[in-house]
Amino acid sequence: MPDSFAVKLSVLTPIHIGSGQELTRLDYFLDSGKFCVVDTDALFRDPGFAPMREAYLKSATSGEPIAKLVPPALLRQHISYRLGVSPYAKAEVERSPTQVKTCIKSAGRVYIPGSSVKGAMLSALCWKVLRDGWLHEDEGKRNMARIQIEQLLLQDSRPDARSYGGEATLLDTVLSRLGGRGEGKFTHWLDITDTDLKAPSDCLGLSLADVKNASGTAGTGRPGKNLKLLCETVQANKEFTLQLKLDPDLKLTPETLLAIVNDFYQRVAARDRIQGDATPELPSAGLIRLGQGSGAFATSLLVLARETELDAGRDGYRVRAPKSRKRVGAGNVALGWAQMEIVKSE
């Protein structure tokens with residue numbers, strides 16, 4: 001097996017992996033249907049902006065949009081990047097300009113973090129390893145698997161949550177069964193690089209994400225409230241590349257790893273659908289879900305609990321069916337779906 005292998009990551013539905021930063025009304029404006037992010041440093045250096053500086057600074061507390069403070073002709077000279085805007089998002093911005101959650105970038109260029117891909121893979125492996133124990137032909141190992149699964153569900157769905165009296169974690173349970181010289185150490189079993197970098201205007205768009213409370217308010221019989229979030233999203237049909245490197249002693253091949261990940265996320269996709277869902281048909285191989293809306297360890301344990309006929313909703317369990325779904329656009333398209341494919345060497 002080669003030390004590392006290249007993977008093509010194809011975006012199937014909009015992906016948002018947040019930078020932790022938000023754009024305010026002073027940071028962007030709409031121009032000819034485009035979402036324009038202002039280069040504030042360049043704007044402040046422009047002598048033509050000097051007469052407006054005081055009003056601009058005062059607006060930081062009042063929330064006045066920048067387009068009402070600075071002439072469009074001047075703003076157009078200081079644009080950091082422009083993005084396409086979905087009709088759904090455009091209507092929201094025009095109705096009530098608000099903060100926009102930005103995608104993660106490096107030196108102003110967009111990428112998919114290797115840590116996000118690795119975390120999504122680990123969620124699938126949690127499901128796989130514990131499920132295999134449940135289905136083991138040896139009765140003693142099956143019983144041990146039931147105890148482990150129940151303990152994990154009862155304790156918490158976080159990867160570092162302690163169970164068995166503080167002696168083990170979910171990562172201990174899963175990684176110790178995968179092998180590798182870094183056995184039990186999350187940082188050692190798999191290295192994944194960040195993807196290649198792309199200009200924001202080449203891959204991003206502005207989307208309006210609905211956080212739909214599909215299950216409603218518990219115990220009231222009333223539907224839950226939907227929340228709306230404006231966010232930059234990597235658009236469908238964009239492609240990135242990254243490098244994966246497996247520990248030589250790992251009990252997995254690249255093909256096996258991607259097959260496990262696909263198997264798990266096919267199950268997630270089946271359980272994620274809602275009424276009026278317009279998410280496009282997803283491929284039968286290479287499926288993975290990244291970023292906002294993807295879920296992680298709680299999802300893997302929830303799927304596991306249902307497959308092993310454990311009642312994840314009984315008193316004492318913290319793992320619950322997701323109460324909300326994140327969708328973009330009027331068509332209710334799910335966030336975060338992508339496809340991974342090993343790039344064969346020539």
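Just a few scattered comments:
- Of the residues making up the range 1-12, those that are in contact with a strand residue (DSSP E or B) (Cβ under 8 Å, 6 or more places away or on another chain) and either assigned to a helix (DSSP H, G or I) or not aromatic (Phe, Trp, Tyr) (or both) are MET1, ASP3, SER4, ALA6, VAL7, LYS8, LEU9, SER10, VAL11, LEU12.
- Yes/no for ALA285 being at pLDDT 80 or above, in contact with a strand residue (DSSP E or B) (Cβ under 9 Å, 6 or more places away or on another chain), closer than 27 Å to CYS103 by Cα and not in a loop (DSSP other than H, G, I, E, B): no
- Considering the range 224-261, the residues that are outside any strand (DSSP E or B) and free of Cβ contacts under 8 Å to residues at least 40 places away in the same chain include one that is nearest to TRP337 (Cα to Cα), namely ALA259.
- Every condition in (1) over 15 Å from the mean Cα position of the chain (by Cα); (2) of a type in the set (Gly, Ala, Ser); (3) modelled with pLDDT under 70 is met by GLY293 except one, and the failing one is (1).
- Test: GLY48 is outside the structural domain of TRP337 (by TED's automatic domain parsing), closer than 24 Å to LEU229 by Cβ, of a type outside the set (D, E, K, R) and exposed (fewer than 15 other Cβ atoms within 10 Å of the Cβ): no
- Residue check for ALA50: out of contact with any Lys or Arg (no Cβ under 7 Å at 6 or more places or on another chain) and under 22 Å from ARG76 (Cβ atoms): yes
- Qualifying helices (runs of 4 or more DSSP H) (wholly inside the range 13-111; at least 3 residues being touching a strand residue (DSSP E or B) at 6+ places or on another chain (Cβ under 9 Å) and closer than 18 Å to VAL328 by Cβ): 87-95
- Filtering the range 64-79 for residues that are in contact with a Pro (Cβ under 6 Å, 6 or more places away or on another chain) and at negative phi leaves a non-empty set.
- Any hit, the range 32-50, residues being in contact with a Phe, Trp or Tyr (Cβ under 8 Å, 6 or more places away or on another chain) and among the small types (Gly, Ala, Ser): no
The values are calculated or read from the model by the stated rules, or taken from the named source; none is laboratory data. These numbers come from a predicted model, not from an experiment. Note that we place each Cβ from the backbone using ideal geometry, even for glycine, and neighbour counts take in every protein chain shown.
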